[in-house]
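The values are calculated or read from the model by the stated rules, or taken from the named source; none is laboratory data. Because the structure is a prediction, the values reported are computed rather than measured. For neighbour counting, all protein chains shown are included, and Cβ atoms are generated from backbone atoms with ideal geometry for every residue, glycine included. Just so you know, the surface numbers come from the protein's heavy atoms only, side chains and all, with ligands and any DNA or RNA stripped out. Shrake-Rupley method; radii C 1.70, N 1.55, O 1.52, S 1.80 Å.
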Amino acid sequence: MALLIGAPLLGACVLALPLTARGGRWVREIVTSLALAGALAGLVVTLMTWPVLGEATRASIHLGPLDPSEAAAGTAWSLAPLAMAALFVAIAIRSRSHMLLGLAIGQIIVAGWSATIDLTSGEAASVVASGPLVLDPLAASLLLVSVVVGGLITIYALGYEPDHLEHRGQQPARTATFLAWLLLFVAAMNLLVLADDLRMLAVGWEVTTLCSFVLIGFDGDRPAQVAARRALAYNLLGGIALGLSILLAGPGASLTELVAGGEPARAVLPLILGGCIVAAATKSALLPFHPWLLGAMIAAAPVSGLLHASAMVKAGTYLLLRLAPPIAGDGLLGPALALLGGVTFAVTAFVGLRQRDLKRILALSTISTLGLIAAAAGLGSPAAVAAGALLIVFHAVAKALAFLSVGSIEQVTRTRDLEALVGSLRTAPRLAVPLVVAAVALALPPFGLVVAKWAILQIGARDVVLMVFLAVGGATYLALWTAVVGRLIVRRADAPVPRAALPLRESLPIAVLVVGSIAGLLVAAPVARLLADPAGQVAFGVDPGLAAGWSISLAGGAFAVPIVAALAAAAAAVAVVVARRTGRIAPGPYLSGAGPTRAGVAAFHGALGGPVAVRTAGFYWGVRHGRERAAEKPGPVTPGMAPTARVASPAHPAALDEDGLTGGPWRVMTAAGWLLIAWVCALAAASWLGLGPLP
Amino acid sequence: MIAVDPLSLGIALIATLVAPIGVGLLIGVDRKVTAAVQLRIGPPLLQPLYDLTKLLAKASPATDRIVAGLLAAHLVLAVGALALVLAGGDLLAAVLVLGAAQVLFILAAGAVESPYAQLGASRELILLVAMEPLLVLAVIAYGVAAGSFSTAAIADGPSLIFRLPTLGLTLAVLLAATLRKSPFDLASSHHAHQELVKGSTTEMAGRWLAVAELGHWYEAALVLALIVLAAVQAPIVAAILAAVTYAFVVVADNATPRATWRTALAIAWGIGGTAAVLALVTAGLSAGEGILP
């Protein structure tokens, strides 16, 4: 247990030492490996000491001298959120941002008030009879994700970061500091997931905020700093919401008490839950709070991977799943949360369909999936929580793979513009195949994610509004990944062939994640049996019974995973056999008549007699890339309709930053999100005032 | 798992194998009727099947290995989706598998850089966004009304046709889309009234075109299976409704030449989507004894 948080923490401290930073590559690699091995050993020991895998049990864990029930440690834990808030004030002053300063001061007021009550009431120390940490199947799922996937991302960073820093004009020696922050991130996530005591939860919460701020701004240039401050601002807002919830919950409160609806918190429970929903929505970048996560795409690939796959955004949805029983029991908040999740799911998938920046597509698809998990928490039945846990696990593996492979693609080709990567599945299969595997695992049945999506559709079938959003969002999400893979797969005669050699530290984690993602084809039921079903049972006391043999079953039907997996395998095998038996002929593309094709590059006859090269581009919903380019340089415009016919353009970073982050759809999306959050807050207040159906 | 009866499984297998013949006949009838509307004699009833067998017999090389592989996989998944339904499996799972099949076809369509094929692939993507939600909503309405998503359970239950009166419109839109009736023929049309006649199938010829076509027939067969599933207990009412809906589809087909993707989306979501939402509401109201949570 101590190893789980302590090993990465210690590793981070050692790496942060100036001596280690100067020690060169081997020192930092050995220290990082030891820290990760320690965390992994800690995970194994923890799961062997408290066997919660496949068992619907909760283990209360004491921390010995660090336990908040000890006088000195209790004081320290009460003061820790205050110290974090003070640190944020210092950061705000240093970055000379009035908004940050206002938010940080708000946080320090809330944390200070909370700490004062804690310390003066004297209750805090005595109330916690059970342990301040709780290990149950849901926490174990998140721990597995955090340690295993987070560890793989950190190993990847060993190979990726020096080159990345060099490219950005920084000292490669800063890699040690970078790794230190990654390890601290993992440690904070582990603390957050295990914490039952709300003060410890707050500490984990704020440390992840701090880590994300530092890591997003790690490259040090102006855009990185802007993105980091934006992330900090949003997360400080969430921190204030969480702080207010903790303040309302009273001294010494724990998550267990909130879930049980304990007496001190009973009257203000809706307000506490509303605060937690807002806090989780900021952390998970749900709808009105999405800008910070999209801005964070400027960071290095391991940071994005950590933020999206294993830590940070998963913390928000974890809190929602943890609090699903009281939220669903409230009668007003549950449907509101489901609506917020459903709208997030559909709208972000649509906006994703407008993008050509690969990382931004990944970010929007992450937010989309997080919306689905939030919707599951809002549905709040045992099976829904189990499906949400399944989503968290499978999404972590596939999305980590997607981010790492895009990181490698960007490192080799120096672009992540989808239009500049056309045909890379053919020219650089080693780079592009992992991304395609991730796309398939994210979007197609019977991979775990889609099976979980199937379950949520059936569980929420009675909620008509939610179903409309999930149906539209599901189709758009599928189209989004089809559009991405569709560009990579195009045969283009003059597509650039990048050098495709990755260091082992990069290719190894990618290979492991590829295997993990492909395993998702078959393991939905075993994972449900080990993690998701017990998680639902612990939350509600009823076994959701998702796992049935190798299939996933619900009251309304069963997803026969083995049969569909066999079908998918048959389809893949047929495709491979057919492709192998098909001759390697490559006629030029059909151009409705003879064109002056030269060296395999197709062309039309131009109006002035010269050849005009054929260029096509992918589908970006409602975005007309072709127009301005066509005005600059008269070129062929493919016949047809507005959103599809356009001329491809070379990678242009400025254009990438503009696309889709402004304009009508963006404003509508943000406004809708704020309306929904206002709706959630209003419902929480209404429920508190007794206007709603309280059980 | 539900115990599988070998006899019914065999019947399901045979039904899956002969399903394209049914779809081919339906298309033949459709061509006859359309010809009659346009005061032509039209092709023989079996012409679609003749076309398909002729294409299959042609020895034309594939333009691209990846396209060939994807088309074959598309057919396998489409057949599998129909087989899942006919064998009494989960309806929603079958629809998700069908979505995967459609994705593979779109990838095959856009894998070679002919501008016409690229344009067709883009439009196929729009059609996917337009149609997939309707399919999912229709199946959810079935599930809510019947209390189960298992095809076997739905077929054994009372007729859904009376409980989901508006769903017929959604199914009509879906059938029109899978049979590539206008305005859903904007990616690849059988007629010259679209400005893009062969878009997504531009780079497919001979037996590979036949494989693609066969896959589409299986998609249509799945929608037909959905219709039959709702109507099987009340065949006469169903036949009348089907005739009326078909007349509507034929009129729409002949009245919407050169429709844009916006029209297609508006019709799909405006008519099909609204009808599906109404069906979901009525299903929720009428489902009393359902076993859904």
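If I build a Gaussian network model for chain B, linking alpha-carbon pairs within less than 10 angstrom, which residue out of B:T63, B:T245, B:T178 has the largest mean-square fluctuation?
B:T63
In nm, what is the difference between 0.36 nm times the number of residues separating B:A247 and B:I41 and their Cα-Cα distance?
Gain on extension, B:A247 to B:I41, equals 72.3 nm.
Compute for chains A and B the buried accessible surface, both sides summed, probe 1.4 Å, and express it in Å² to the nearest 100.
5900 Å²
Distance in nm between label sites at A:A511 and A:A173, each 7 Å beyond Cα in the beta-carbon direction?
3.3 nm
DSSP beta bridges in the protein assembly as shown, what fraction antiparallel, as a percent rounded to 5?
95 percent
Can you report the principal axis dimensions of region B:135-234 using only the alpha carbons, biggest first, rounded to whole angstrom?
Answer, in whole Å and largest first: 45, 26, 21 Å.
How large is the dipole of chain B about the Cα centre if only Lys and Arg carry +1 and Asp and Glu carry -1, each at its Cβ, rounded to the nearest 20 debye?
640 debye
For A:I93 and B:V281, what is the calculated FRET efficiency with R₀ set at 60 Å and r taken between the beta-carbons, to the nearest 0.05?
About 0.60, to the nearest 0.05.
Rounded to a whole number, what is D in µm²/s for region A:72-216 from Stokes-Einstein with the Kirkwood radius over alpha-carbon pairs (4 °C, 1.567 mPa s)?
Stokes-Einstein gives a translational diffusion coefficient of 76 µm²/s.
Once phi is turned into ³J(HN,Hα) by the Karplus curve 6.51 cos²θ - 1.76 cosθ + 1.60 with θ = phi - 60°, what whole-Hz value does each residue of region B:277-286 show in order, with x for glycine and proline?
With the stated coefficients, region B:277-286 comes to 5, 4, 4, 4, 5, 5, 4, x, 6, 8 Hz.
In the neighborhood of A:V385, defined by Cβ-to-Cβ distances under 13 Å, what is the net charge if each Lys or Arg adds +1 and each Asp or Glu adds -1?
In short, -2.
With springs only between Cα atoms under 10 Å apart, run a GNM on chain B and tell me which of B:P44, B:P133, B:P165 wobbles the most.
B:P44
Put +1 on the Cβ of each Lys and Arg and -1 on the Cβ of each Asp and Glu in the protein assembly as shown; which of B:A268, B:S122, A:I30 then has its Cα farthest toward the positive end of the dipole?
Highest projection toward the positive end goes to B:S122.
With bins 10 Å wide starting at 0, give me the P(r) of chain A over every alpha carbon pair, in whole percents.
Spelled out bin by bin, chain A gives 3, 15, 26, 27, 17, 7, 3, 1, 0 percent.
If you scale each eigenvalue of the Cα gyration tensor by 5 and take the root, what three semi-axes come out for region A:336-403, rounded to whole angstrom and sorted largest first?
The equivalent ellipsoid of region A:336-403 has semi-axes of 22, 15, 5 Å.
Give me the accessible area per residue for the protein assembly as shown, probe 1.4 Å, as a whole number in Å².
So the protein assembly as shown comes to 35 Å² accessible per residue, rounded to a whole number.
Report the Rg/Rh value for chain B, based on alpha-carbon coordinates and the Kirkwood definition of Rh.
Reported Rg/Rh, Kirkwood definition of Rh: 0.96.
Can you list the residues of region A:552-567 that have at least 40 square angstrom less accessible area with all protein chains present than in their chain by itself, probe 1.4 Å?
A:A555, A:G556, A:L567
Angle between the Cα long axis of helix B:235-255 and the longest principal axis of chain B, 0 to 90 degrees, nearest 10?
30 degrees
Counting only other chains, what is the mean number of Cβ atoms within 10 angstrom of the Cβ of each residue in peptide A:57-67?
If you average over the peptide's residues, the count of other-chain Cβ atoms is 0.
Tell me the angle of helix A:663-688 to the major Cα principal axis of chain A, expressed in degrees between 0 and 90 and rounded to the nearest ten.
Orientation of helix A:663-688: about 20 degrees from the principal axis.
Compute the relative contact order of chain B as a whole-number percentage, counting only Cα pairs closer than 8 Å that sit 6 or more residues apart in sequence.
This gives 26 percent for chain B.
Can you work out ³J(HN,Hα) from phi for every residue in region A:146-161, in order, using Karplus 6.51 cos²θ - 1.76 cosθ + 1.60 and θ = phi - 60°, giving whole Hz and x for Gly and Pro?
So the Karplus estimates, Gly and Pro as x, are 5, 7, 6, 5, x, x, 4, 5, 5, 4, 4, 4, 4, x, 7, 5 Hz.
In vacuo Debye scattering of region A:429-548, one point per C-alpha: log10 I(q)/I(0) at q = 0.14, 0.16 Å⁻¹?
Cα-only, vacuum Debye calculation for region A:429-548: -0.79, -0.94.
Once neighbouring chains are kept in place and the probe is 1.4 Å, which whole percent of the accessible area of region B:77-129 is contributed by carbon and sulfur?
Answer for region B:77-129 is 71 percent, counting heavy atoms of protein chains only.
Tell me the relative contact order for chain A as a rounded percent, counting alpha carbon contacts under 8 Å between residues six or more apart.
Normalised by residue count, the contact order of chain A is 14 percent.
If you fit an axis through the alpha-carbon atoms of helix A:382-413 and take the longest principal axis of the Cα set of chain A, what angle between them do you get, 0 to 90°, nearest 10?
That helix lies at roughly 50 degrees to the long axis.
Taking the Cα centre of region A:5-122 as origin and charging only Cβ (+1 Lys, Arg; -1 Asp, Glu), how large is the dipole, in debye to the nearest 20?
580 debye
Out of residues 5 or more away from B:K198 or on other chains, whose amide H comes under 5 Å of its own, with H placed 1.01 Å from N in the peptide plane?
Here the answer is B:S189, since their amide H atoms fall under 5 Å of that of B:K198.
Check each residue of region A:441-471 and keep those whose accessible area, probe 1.4 Å, is at least 30 Å² smaller with all protein chains in place than in the chain alone; give them in order of residue number.
Residues passing the criterion (a loss of at least 30 Å², heavy atoms only) are A:L444, A:P445, A:W454, A:L457, A:Q458, A:A461, A:R462, A:V464, A:M467, A:V468, A:A471.
Over chain A, what percent of the accessible surface lies on carbon and sulfur atoms, probe 1.4 Å?
C and S fraction of accessible area: 68 percent.
Shielding by partners for B:72-83, please: the mean number of other protein chain Cβ atoms within 10 Å of each residue's Cβ.
If you average over the peptide's residues, the count of other-chain Cβ atoms is 5.
Once the dipole of region A:502-590 is set up with Lys and Arg at +1 and Asp and Glu at -1 on Cβ about the Cα centre, which of A:V578, A:P544, A:L522 lies farthest towards its positive end?
Towards the positive end, the residue furthest out is A:V578.
Can you pull the Kirkwood radius for region B:155-207, inverse mean 1/r over Cα pairs, to one decimal in Å?
One decimal place: 13.4 Å for the Kirkwood radius.
What share of Cα pairs, in percent, lie more than 18 angstrom apart in region B:78-124?
Of all Cα-Cα pairs in region B:78-124, 42 percent lie more than 18 Å apart.
Could you tell me which of B:V197, A:A565, A:V207 has its Cα farthest along the dipole of the protein assembly as shown towards the positive end, charges placed at Cβ (Lys, Arg +1; Asp, Glu -1), taken about the Cα centre?
B:V197
Name the long-range amide H neighbours of A:L554: under 5 Å, sequence gap of 5 or more, or other chain; modelled H, no Pro or chain starts.
Sorted by chain and number, the residues that satisfy this are A:F559.
For region A:492-539, divide the Cα radius of gyration by the Kirkwood radius and give the resulting Rg/Rh value with two decimals.
Across region A:492-539, the Cα-based Rg/Rh ratio is 1.31.
Can you give me the long-range amide H partners of A:V601? Hydrogens built in the peptide plane at 1.01 Å from N, cutoff under 5 Å, separation of 5 or more residues or another chain.
Here the answer is none, since no amide H 5 or more places off falls under 5 Å of that of A:V601.
Please get the size of the charge dipole for region B:139-274, origin at its Cα centre, with Cβ charges of +1 on Lys and Arg and -1 on Asp and Glu, quoted in debye to the nearest 20.
140 debye
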